[in-house]
Amino acid sequence: MGIKDLLPALVNSTQPITIEEMVGTVVAIDASSWLHRGIYSCAKELFLGQKTDSYIKFFMDRIELLLRNRITPLVVFDGPSPLPAKAQVAAERREKRTIAKQLAWISLRQGDENRARQHCCSAAEITPDMVNNIIKSSIVLQALKDKGVDFVVAPYEADPQLALMSLSRTADYIITEDTNLLVYGAKQVIYNWEGDRGQLICQHLLYRSFPDLPDFTFQKFQYICILAGCDYLKSLPNMGIEGAKNFVKALGDRDIFMQVKNIGLFVGGHITVPPEYPDNFKMALNTFTYQTVYNPDKGYTPLHEYPPGLSAADFTYAGLPLPDAPVADLSRTWVSEDVLNKTDQTDFTFKGTSSSDDESTESTHSTPYNLRSQQQKPISTVLSIGEDLKWTPPSFPVMTIDFITGTLSSEHSQTHTQCLFEASDRRVLLYTPPFDIIIQRSCTITAQNTSYLVVWEWGFHEPPINFEAHRNDTESEDESDMFELDSDSEDDDRDHVLPFEVMGVAHSRRRQEVLEWAHDEMVERNSTPQVELIPERINPLDEIAIAVCINTARGPETVGYIAKEMTQYVHPIINTNRLTCARIGRIAFRTTYENYGWFMKLLITRKGTWDRAVIRQSRHIM
DNA sequence: CAGTCGCGTACAT
DNA sequence: TACGCGACTG
Ligand SMILES: [Mg+2]
């Protein structure tokens, strides 16, 4: 909900902003908005209780994009406690979800996939489990990148918590879809974030949208928003954003709290004010001003200090401070200093293929990832396995992780280290200590006054089973892909180059070896191996996959495939003069929260413009 | 007309 | 969480 019709009313205070302008800043993220979007890719699965984590992928891809641009994300979640002032709205939403659930069942039974998905979306709720999963993935990401992804779980709503980050200058920008943020006083809010660009609204430019208000103040802006209708107080009948503006304008310098009951006199006779409205108005404003937030220095506090003589008891509707307020250092609470203080060797720049007209841009060469694969991973010995340990991060009370404790010694130092394995990974119980492991990803936390090395990802030194990173994207659906010929752009004979992701590069060891070889050729010998695109029939149904092959001494070797959604756009121009060139864009070692290994970006040049779908996907190629 | 209200629809891969 | 649309009203 937020404030009704506010965003359109603020166009004069809105300006586009791109990720390039944000390099080096801290960005606080309203997690619920990204979670909601991520849910769209797997709403049905969630609804049916099937296991899925693709909402995590959406979330983490966006986080990664920020990290690549040296932006520090600070992720803020809604809290588990219901806010009294929002009870009514919350109840309405519950009701809507219940209805959506029933509609979803009906659509599912009728086999109406589209409608079912839609209703599943409306029925979707962000569960603590999802929050946990996001946080866990991010811890892994954090360990991987040695970079900080900070989190705060707000005690009540994320909005005032985000505002606090802005007001305390902890964050430079807030990314959200919620207009409440401006009312809470956030200084710079970004709406409609598309991964690399969005619409920025600065508090100090708000006045531009209210040219009729002679002496615009932020307080007047707040009054207008509440009058126009907010989560804590519905607007009076026939009162909208314009009516609110008119009232505040007509009010001049008079005391608004004395005059709300007379709104009808100021803006016309068709508005009646119920007796309880003035009090409710005051309470709504107080909720925006004094809602309880988590203050990293002081524990739970109101967003702004209570007025003299008043205390939390006077604002119970804005959320009571929770018991046992944790006081913690916000920045990287659970990652040890030595991990975080490592010099940041990464130097990423991202240039999206910008431009909304179909002018494809020359693909830019971003600085490659630093090559972690060249670091020798030391062998560690697990000396003992001990008790279970449940751990709740100090400032993130909604999450608990189950660990198994253990003792480690490493190749290099003889000292014994207390360590933790995720209890869900039963491999650690397969052998009786001592046994050797190789730690791929780890970080340090403090739990119960003891420092532990958390071993997030590891393998046996001599693996009893050969486990490779598998990607199951070679499965194809039974869609009948129509190979449409290009239509209207025949007259454009200019060269257009776009990047493509090569899929399935982690499918076999050999593919990885070829990529590594090609990388070395490029870096050490300054020669670039040739690429060939070879259409393959992958099943009797005439479905085609386009293999990406690299010429090695053994001849052309497949390293992966073009994403199957892109096949229909590339296949028609293969072996024609429209396809001018296919070459390696970049080969680098990539570590993500879900996978790691050599990956390849492919550049294909064609005469004439690419289909819009191709241009769209290319923006997400890193 | 301008403004408000209520509904249906999109968001991702 | 918006958005856009058509409908209603002063
Ligand atoms: Mg919110």
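Ranked highest first by the average count of other Cβ atoms within 10 Å around their residues, in what order do A:612-618, A:227-233, A:601-607, A:153-159 fall? Please report the intermediate quantities before stating the final value.
Working: A:612-618: 16.4, A:227-233: 23.3, A:601-607: 21.0, A:153-159: 26.0.
In descending order of packing, they fall as A:153-159, A:227-233, A:601-607, A:612-618.
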Using a basic spin-label model with each label point 7 Å from the Cα along Cα→Cβ, how many nm lie between A:Asp253 and A:His270? 3.3
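Counting only heavy atoms of the protein chains, get the accessible area per residue of segment A:41-129 (1.4 Å probe) and round it to a whole Å² value. Let's see the in-between values first.
On the way: 4800 Å² over 89 residues.
Averaged over the residues of segment A:41-129, the accessible area is 54 Å².
I'd like to compare A:65-77, A:445-457: which one has the highest average count of other Cβ atoms within 10 Å, and what's the full order after that?
On the way: A:65-77: 21.2, A:445-457: 16.4.
Put in order of decreasing packing, that is A:65-77, A:445-457.
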Kindly report the accessible area of segment A:379-460 per residue (heavy atoms of protein chains, probe 1.4 Å, no ligands, DNA or RNA), in Å². 48
For the pair A:Arg612 and A:Lys298, the simple spin-label estimate (label points 7 Å beyond Cα toward Cβ) gives in nm 5.2
Would you mind telling me the share, in percent, of accessible area of segment A:151-191 contributed by carbon and sulfur at probe 1.4 angstrom? 39
Counting only protein heavy atoms and using a 1.4 Å probe, what share of the accessible area of segment A:379-460 belongs to carbon plus sulfur, as a whole percent? 48
Could you order A:Glu524, A:Glu543, A:Glu125 so the one with the most accessible surface comes first? Probe is 1.4 Å. A:Glu524, A:Glu125, A:Glu543
Percent of accessible area on segment A:12-113 owned by carbon and sulfur, 1.4 Å probe? 52
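Tell me, what is the Rg over Rh of segment A:379-460, with Rh the Kirkwood radius over Cα pairs?
Working: Rg = 12.4 Å, Rh = 13.0 Å.
Checking Rg against Rh, the ratio lands at 0.96.
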Show the residues, 5+ positions off or on another chain, whose built amide H is closer than 5 Å to the amide H of A:Cys230. A:Ser235
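Longer than 20 Å from Cα to Cα, which of A:Lys44/A:Lys601; A:Lys86/A:Lys282; A:Lys187/A:Lys249; A:Lys220/A:Lys261; A:Lys86/A:Lys220 are they? Say none if no pair is. Please list the in-between numbers first.
Values: A:Lys44/A:Lys601 32 Å; A:Lys86/A:Lys282 15 Å; A:Lys187/A:Lys249 23 Å; A:Lys220/A:Lys261 17 Å; A:Lys86/A:Lys220 22 Å.
Over 20 Å apart, Cα to Cα: A:Lys44/A:Lys601; A:Lys187/A:Lys249; A:Lys86/A:Lys220.
Ranked highest first by average number of other Cβ atoms within 10 Å, how do A:240-249, A:257-266 line up? Numbers along the way, then the final one.
Details: A:240-249: 19.8, A:257-266: 16.0.
Per-residue Cβ counts within 10 Å, averaged per peptide and sorted highest first, yield A:240-249, A:257-266.
For an R0 of 30 angstrom, estimate the FRET efficiency from the Cβ-Cβ distance between A:Phe218 and A:Ser54 and round to the nearest 0.05. List each step's numbers first, then the result.
Details: r = 40 Å, r/R0 = 1.35.
Computed FRET efficiency for A:Phe218 and A:Ser54 comes out at 0.15.
Given the Cα-Cα distance of A:Glu305 and A:Thr392 and 0.36 nm per residue of separation, how much length would full extension add, in nm?
Numbers: separation 87, 0.36 × 87 = 31.32 nm, distance 2.91 nm.
Value of the extension gain: 28.4 nm.
The values are calculated or read from the model by the stated rules, or taken from the named source; none is laboratory data. Everything quoted here is computed from the prediction, not taken from an experiment. Heads up, the Cβs are rebuilt from the backbone with ideal geometry, glycines too, and the neighbour counts pull from every protein chain shown. Surface areas here come from the heavy atoms of the whole protein model, side chains and all, with no ligands, DNA or RNA. Shrake-Rupley method; radii C 1.70, N 1.55, O 1.52, S 1.80 Å.
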